[in-house]
1. If you scan the stretch 26-54, which residues turn out to be assigned to a loop (DSSP other than H, G, I, E, B), in contact with a strand residue (DSSP E or B) (Cβ under 8 Å, 6 or more places away or on another chain) and closer than 23 Å to residue 174 by Cβ?
2. Looking at 211, 207, can you tell me which residue is at pLDDT below 65 and exposed (fewer than 14 other Cβ atoms within 10 Å of the Cβ)?
3. Within the stretch 107-126, can you find the residues that are within 23 Å of residue 38 (Cβ to Cβ) and either at pLDDT below 85 or not in a strand (DSSP E or B) (or both)?
4. How about the stretch 71-92: which of its residues are in a helix (DSSP H, G or I) and surrounded by fewer than 20 Cβ atoms within 10 Å (Cβ to Cβ)?
5. Go through the stretch 174-187 and give me each residue that's modelled with pLDDT under 85 and touching a helix residue (DSSP H, G or I) at 6+ places or on another chain (Cβ under 6 Å).
């Protein structure tokens, strides 16, 4: 029993200390010069996101730096709905460091982790666009199932999660679900989450697990 509790504690601490990076998007078409007002605004914005990650019960925060100027920058973070504030802050802190390193001098960037995402842009966020996006793959292929049934089931699951998350009355618009693909118990699990300042719409942080 002690061994089990120790293992669970170790796993919890490991998750809190090491957020899992998935990928990033950098808009290479628009860059800015270092040590400019825009550069300063991005640094201040990322610091604001990190600070507020420990203060937002909803796991979501959006702000703007340099409002009304040519150097304005919009930014936001979204933490997965089933993690606590400490894990959220650890993830946002790491993401804020990595996004500057991976997208150096880009005016628009997104970085995804298992636990959170952050993004910033010198334009307006396009909440109803599927771009930019990330399609991570684990290298495994679906086998032994009807592919049409599999695809239809996944699409139905994700559409249902989007509706469920968008209409959630909780502080975190987060939803999970599953669908059985075969009678032998092959199941697809999914989760979806919406930005909390959207009404009926979903800019979703979603994933699917097949097993």
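The values are calculated or read from the model by the stated rules, or taken from the named source; none is laboratory data. No experiment lies behind these values; they were computed from the predicted model shown. Here the Cβ positions follow ideal geometry from the backbone for every residue, glycine too, while neighbour counts run over all protein chains shown.
1. 53
2. 211
3. The answer is 107, 122, 123, 124, 125, 126.
4. 85, 86
5. 181
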